[in-house]
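Notes follow once the structure below has been shown.
The values are calculated or read from the model by the stated rules, or taken from the named source; none is laboratory data. Remember, it's a predicted structure, so these values are computed and weren't measured experimentally. Neighbour counts are summed over all protein chains in view; Cβ atoms, including those assigned to glycine, are modelled from backbone coordinates with ideal geometry. In case anyone asks, the SASA skips ligands and DNA or RNA and just uses the protein heavy atoms, side chains included. Shrake-Rupley method; radii C 1.70, N 1.55, O 1.52, S 1.80 Å.
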Amino acid sequence: AYDSITFIMTGVKFGWLIRGIHHWGASLLILTAFIHMLRVFFYGAYKYPREFTWITGVALLICALGMGFTGYLLPWNQRSYWATTVGTDIVGTIPFVGDFLKAILRGGTDLSAVTLARFFSMHIWFLPAVILLLISIHMYMVVKLGISSVPKEEE
């Protein structure tokens, strides 16, 4: 994986640019989604009849964070290795099921090529499929119910 990233950065024409756009675009997506969620919260747009729209939006934010977490390991360098070690150790602190979830994420007790394969699969197959489904549901609900307006003073 590290050699692939090095090749993209140095051997592919404008590979450094595409990788930079991917990195910064992902960060901008998280920021934009968070700002959107704040707007929805402050406008009260999560209230009846838009509760399910809010739930799909929260699920989309969680999936976007999952994309960021799984994508961070993919360069397979020291920074990503240790950041993923810390992230999966945090999951391991969940009472009762933490060690089990950590073992599932890592594919064993330590980070290895199995972990890299799992994160790669989640990053390019599983999470994008879930995100596509959630976006479809979310947009359907927005079209069906409409967007909420700025709350009036008496609301």
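A few notes on this one:
- Using θ = phi - 60° and Karplus 6.51 cos²θ - 1.76 cosθ + 1.60, couplings along the range 17-28 (whole Hz; Gly, Pro as x): 6, 4, 5, x, 5, 4, 5, 6, x, 5, 5, 5
- Distance between the C-alpha centres of the range 101-142 and the range 36-72: 17 Å, rounded to the whole angstrom.
- Note that the range 147-153 has calculated 3J(HN,Hα) couplings of 8, 7, 9, 4, x, 7, 4 Hz, one per residue in order, obtained from phi through the Karplus relation 6.51 cos²θ - 1.76 cosθ + 1.60 (θ = phi - 60°); glycine and proline are x.
- Here the range 45-106 is assigned +1 on the Cβ of each Lys and Arg and -1 on the Cβ of each Asp and Glu. Its dipole about the Cα centre then comes out at about 120 debye.
- Among the listed options [x] 1.15; [y] 1.27; [z] 0.97, the one matching Cα Rg over 2.2 N^0.38 Å as calculated from these coordinates is [y].
- When Trp54, Trp24, Trp82 are compared by accessible area of protein heavy atoms, the largest-first order is Trp24, Trp82, Trp54, using a 1.4 Å probe.
- Accessible solvent surface per residue of the chain, calculated while the other protein chains remain in place, 1.4 angstrom probe, Å²: 70 Å²
- Ignoring lysines fewer than eight residues from Lys47 along the same chain, the ones with Cα atoms less than 29 angstrom from its Cα are Lys144, Lys152.
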